[in-house]
Amino acid sequence: MEPSMRRCVLISLLLAQDATALRGPQNGPSNDRRRARLEQRGLSPQPPLKMVAAPPDAELASSLARRTLLTTQKGCWAGWEVAFDTRTGKPKPLDDAYVAEELREWGQSPLGWETFVEDSGDDSLWQRNGYRVLPEAGCAADEVAVAPFSWGVDLTSCRVVASSHGILAADSPRRPSGECGQAVAQPFVDVRTIFGPSDLGDRIRVDVKVDAASCTIISCVVCAERRDSSTEPPFSSPPRPGSARAKGLDSSSVSSRCGPCFVSSKDGAASFDEDGATKLELVDGLIHVWLAPRNNGGADVGVVLGGRGLRRSIAADGDVVDVGRIS
């Protein structure tokens, strides 16, 4: 064999050995020899890659939105909770049963509740524990009475969205169980929208209950709240068993922490279009809530504060099929 041909054969054999070694370790006694040859050349066999399936984009976005909601809303809040009449758009004064007689006689029935709430959450459970302050006058205002309440929702059963402009949504459909017969024949949806800081407070919650099948706004509640401290009553000194009085909480402290009510008795308007749409104009036109029927059944619902908000598309069976940004 000629010298040039012999060199070609040797080079081919060396290249074949290197290619075999680079394919990684194999089962058998030759593994150590291949590893030694690779190490002499400054190489090392690469471990096999383990492929891990990534979660779908929608699932990942929902998980991040739930975490964002629980993280940003955690803590104590003080403010006002006002329910609006969906037929007129006007705020609904508290029922006389909750208002002190002196205030009723003077025509000073409040248009909502002064509230103290604490939001918490773990994983997917969003919880709220709070107190509504009972309106009182005279000596009773030195240590006010409060009515405790609790609320919670499993966010995995909700359509949760954290928009790029700082607005949160947590919408949950409730379907009838059949226990009430035809009285609750249609599902309804709790449309919850949370806005960040504005002229009304550190956060504004707009909770709208909707019957998408009949294109009806069942209820609308707006809460304007400020950040509060857990070291202050009633968080630090809840009412004693058998008493509704919160130690250390007087009407002056309540007023300074909750602030003035954000609506007046003349505030608000409602309009109804021929196509079945409903429009509520609340808080001197700062908040707009509207509902419009969809061509294929169900309804579109919009909640807007100061020109920014979210639109939901809700199927007739109560499923929230889409959430979009309004700006």
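The values are calculated or read from the model by the stated rules, or taken from the named source; none is laboratory data. The model shown is predicted, which means the values in this text are computed figures rather than measured ones. Positions of Cβ are generated from backbone atoms using ideal geometry, with glycine treated the same way; all protein chains shown enter the neighbour counts. When the accessible area is computed, the model is the full protein with side chains, heavy atoms only, and any ligands, DNA or RNA have been set aside. Shrake-Rupley method; radii C 1.70, N 1.55, O 1.52, S 1.80 Å.
Matching residues to (1) open to solvent by 70 Å² or more (accessible area, probe 1.4 Å); (2) among the charged types (D, E, K, R):
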{"position": "Gly75", "(1), (2)": "no, no"}
{"position": "Arg87", "(1), (2)": "yes, yes"}
{"position": "Asp96", "(1), (2)": "yes, yes"}
{"position": "Trp106", "(1), (2)": "yes, no"}
{"position": "Glu114", "(1), (2)": "no, yes"}
{"position": "Glu118", "(1), (2)": "yes, yes"}
{"position": "Asp122", "(1), (2)": "yes, yes"}
{"position": "Leu125", "(1), (2)": "yes, no"}
{"position": "Tyr131", "(1), (2)": "no, no"}
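Residues of region 301-327 that are open to solvent by less than 40 Å² (accessible area, probe 1.4 Å) and not β-branched (Val, Ile, Thr): Gly302, Leu305, Gly309, Leu310, Arg312, Ser313, Ala315, Gly318, Gly324. Inside region 139-155, residues that are assigned to a helix (DSSP H, G or I), open to solvent by 60 Å² or more (accessible area, probe 1.4 Å) and touching a residue at least 40 places away in the same chain (Cβ under 8 Å) make up a count of 1.
Can you find even one residue in region 255-269 that is touching a Leu at 6+ places or on another chain (Cβ under 8 Å) and aliphatic (A, V, I, L, M)? Even if it seems obvious, please write down each step before you answer.
Taking region 255-269 as the starting set, the residues that turn out to be touching a Leu at 6+ places or on another chain (Cβ under 8 Å) are 261-265, 267-269.
This time we only want the ones that are aliphatic (A, V, I, L, M), so: 263, 269.
Yes.
Which of the following residues is surrounded by fewer than 16 Cβ atoms within 10 Å (Cβ to Cβ), farther than 25 Å from Ser163 by Cβ, of a type in the set (D, E, K, R) and in contact with a helix residue (DSSP H, G or I) (Cβ under 7 Å, 6 or more places away or on another chain): Asp250, Asp228, Asp275? Explain how you work it out, then say what you get.
Numbers: Asp228 fails: surrounded by fewer than 16 Cβ atoms within 10 Å (Cβ to Cβ); Asp275 fails: in contact with a helix residue (DSSP H, G or I) (Cβ under 7 Å, 6 or more places away or on another chain).
Answer to the check: Asp250.
If you filter region 157-166 down to residues that are more than 9 Å from the chain's Cα centre (by Cα) and touching a residue at least 40 places away in the same chain (Cβ under 8 Å), you find that the one that is surrounded by the most Cβ atoms within 10 Å (Cβ to Cβ) is Ser163.
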